[in-house]
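Okay, so here's the structure we're looking at.
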Amino acid sequence: MEKRTLVLKGRLWVLSRDGELISDIDTDMIYHNAHLAVTDVSKMGQYAFGNLKGYEEFAKQARPGDMVLAGANFGSGSSRQHAVDCFKALGVQAVIARSFGAIYKRNAINSALPVLEIPALADKAFAHFEQVEIDLGTGTLRGPSGSVQGKPMSGVARDIYMAGGLFEFARGE
Amino acid sequence: MGGTMMEKILSSHGAGDCRPGDEVWIGIDNRTARDFAGASVVANVEKNGGAKPIADPSRTFFTFDCNVPANTIPYADNQQTIRNFARKHGLKVFDVDAGIGSHVVIENRLARPGSTTVGTDSHLNIMGAIGAFGQGMGDVDIAFSFVSGRVWFEVPPSVKLVLEGIPGAGAEAKDVALTILGRFNHHELLGKSVEVYGEWVERATLSDFITIASQGTEMGAVTILFPPNRNVLDYFGMTEAEAVYADPDATYEAEYRVSIDGLKPLVAAPPNPNNVHPVSQYSDVRIDGAFIGSCTNGTLDDMRLAAKLLKGRKVAPGVMLKVVPATRSVWRTMMKEGLIDDIFEAGGIISNPGCGGCASGQIGMTGRGEVQVSTSNRNFTGKQGAGDTYLAGVGTAVASAVLGRIAGVGELEGV
């Protein structure tokens, strides 16, 4: 099994428009409902952000280890797991946002895709493609541009992530 | 210290004494999956569940409502995968004839006030309408509930929303929902359990609550909980003592007061459900179609209102009026009461029950430049096709279909 760690390093995809982090990126923008019948996770990566204006090429340009940075309410909308699994398929390591849709957040945790919530995230705090480090245990995001404090991952969520997913956690319980 | 409705429902399902922010394990009374994501639930159960994977087959079932009957081979494949799995494990399938799963679960009294239900439908928090816990979750969570009968949940902070006054003539529960959507920047209610009180709430119908609770997801809320009133208790044959209410000394993170007094019909214009304005502001917008249905406005009460308003009137030339009842039972009553005749004679298109326009086109999608008035709950770009969707109540949808432009019900002659 893949080794889990609370400290992750990678290249940052800053999702912004007119100098502001994009908020309310819903699940149709992340993974459009036209592709919902796909059940093979490895085929989901190609559709990631296919309906997010300005980022239609994300799936082609993303590299394993990348992290995504967005504004508030990331992943609002439907309960589709595809919107998490498409990132897993591409090897995206983590999603960082000011806040998350509730369903999206748990889907991500259950699939061991770490999400870091940073309510105080400023629009221009980090540069596109900057190399950053996140510490899920302390909730910190840091890079050459600076450092910002978010919510530490704790309790059941952290246990599930470290175990590699919900079922993996239950098996070890 | 007393508990809110949410805290008390969670406590009664194994969470113990819980407070906002606690991550708790809760027992689930109804574990459901629909045709959308259901096949992924099956795959997850088969991969992780062992030889006897279903904790309790009598509480576990599938509801088909997204693509019914299937009009794409992938959907048909997924539905058949589910049927085969259900047969093997003795699980009930509410198949392509049944209608919207969340409504079917309420109609069959599987969910009751104070109960817990999870499923793959993101509008399953509609259970707030009956003072019950409902949550849409992804296929991993749902598979886990099938296998173990429980899920983990972060206890949300509760807020109190007091609706002041009584809506004006021609305004519906949908307009109350739109008022809330327009009033709150949807980040304000994000992650909250919203309990609703007020004079109107004490006398409103179950359909009214369904309409509002079904939009909790668009409000960003975990759920919109209505303390069961007489109408809801009677529907379930329950007494107040059997339902769950907040304690008098419950703690709320915030209390909001919103006036609905004398409310007039509203619309949410593209591109999101929070873009709410009076209908009158859009009276020069010509429309190509109107849709009446969805988990928000597909109940028998909605169909009765639509038929009453359409009786003796005609849909404007060149306008499509699409009507989709929520469930098979609603459909049958529509036949018996002659509602289908009224809608047919007015020029409407009536489809079999299901999610209608919200899930990749049971009753068609909109093309570029096409303008639709819809009683559904989402008008995000691309959601119901490539066109522009205005969200509104049944009266507004009918009036707009008849007049060929966005119009309030008061603009119909004789209303």
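The values are calculated or read from the model by the stated rules, or taken from the named source; none is laboratory data. Predicted, not measured: the structure shown is a model, and the values here were computed from it. Note that we place each Cβ from the backbone using ideal geometry, even for glycine, and neighbour counts take in every protein chain shown. Only protein heavy atoms, including side chains, enter the accessible area calculation; ligands, DNA and RNA are left aside. Shrake-Rupley method; radii C 1.70, N 1.55, O 1.52, S 1.80 Å.
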Inset, instruction - Can you tell me which residue among B:ALA399, B:ALA407 is outside any loop (DSSP other than H, G, I, E, B), surrounded by 21 or more Cβ atoms within 10 Å (Cβ to Cβ) and not polar (S, T, N, Q)? - result: B:ALA399
Inset, instruction - Would you check if B:PHE144 is of a type in the set (Phe, Trp, Tyr), buried (at least 24 other Cβ atoms within 10 Å of the Cβ) and either within 14 Å of chain A (Cβ to nearest Cβ) or on the phi < 0 side of the Ramachandran plot (or both)? - result: yes
Legend entry - Unique match (being under 30 Å from B:GLU107 (Cα atoms) and touching a strand residue (DSSP E or B) at 6+ places or on another chain (Cβ under 9 Å)) among B:ARG257, B:ARG328: B:ARG328
Inset, instruction - Taking only region A:140-159 into account, find how many residues are open to solvent by less than 60 Å² (accessible area, probe 1.4 Å), in a loop (DSSP other than H, G, I, E, B) and closer than 19 Å to A:SER111 by Cα. - result: 1
Legend entry - Qualifying residue in region B:177-193 (condition: acidic (Asp, Glu) and within 26 Å of B:GLU253 (Cα to Cα)): yes
Inset, instruction - Scan region B:364-385 for residues that are within 12 Å of chain A (Cβ to nearest Cβ), touching a strand residue (DSSP E or B) at 6+ places or on another chain (Cβ under 8 Å) and either open to solvent by 30 Å² or more (accessible area, probe 1.4 Å) or of a type in the set (A, V, I, L, M, F, W, C) (or both) and jot them down. - result: B:MET365, B:PHE380
Legend entry - Subset of region B:7-43 [of a type in the set (A, V, I, L, M, F, W, C) and more than 21 Å from A:VAL156 (Cα to Cα)]: B:ALA33, B:PHE36, B:ALA37, B:ALA39, B:VAL41, B:VAL42, B:ALA43
Inset, instruction - Tell me which residues, restricted to region B:356-400, are hydrophobic (A, V, I, L, M, F, W, C) and out of contact with any helix residue (DSSP H, G or I) (no Cβ under 8 Å at 6 or more places or on another chain). - result: B:VAL371, B:ALA386
Legend entry - Qualifying positions in region A:72-89 - crowded, with 24+ Cβ neighbours inside 10 Å, part of a helix (DSSP H, G or I) and not charged (D, E, K, R): A:HIS82, A:ALA83, A:VAL84, A:CYS86, A:PHE87
Inset, instruction - Return a yes/no flag: does region B:331-340 have any residue that is at pLDDT below 95, in contact with a Pro (Cβ under 7 Å, 6 or more places away or on another chain) and aromatic (Phe, Trp, Tyr). - result: no
Legend entry - Top-ranked residue in region B:40-63 [being open to solvent by 10 Å² or more (accessible area, probe 1.4 Å) and within 10 Å of chain A (Cβ to nearest Cβ); ranked as nearest to A:ALA37 (Cα to Cα)]: B:SER40
Inset, instruction - Give A:ALA112, A:ALA125, A:ALA170 a once-over and let me know the one that is part of a helix (DSSP H, G or I) and either of a type in the set (Asp, Glu) or open to solvent by less than 50 Å² (accessible area, probe 1.4 Å) (or both). - result: A:ALA170
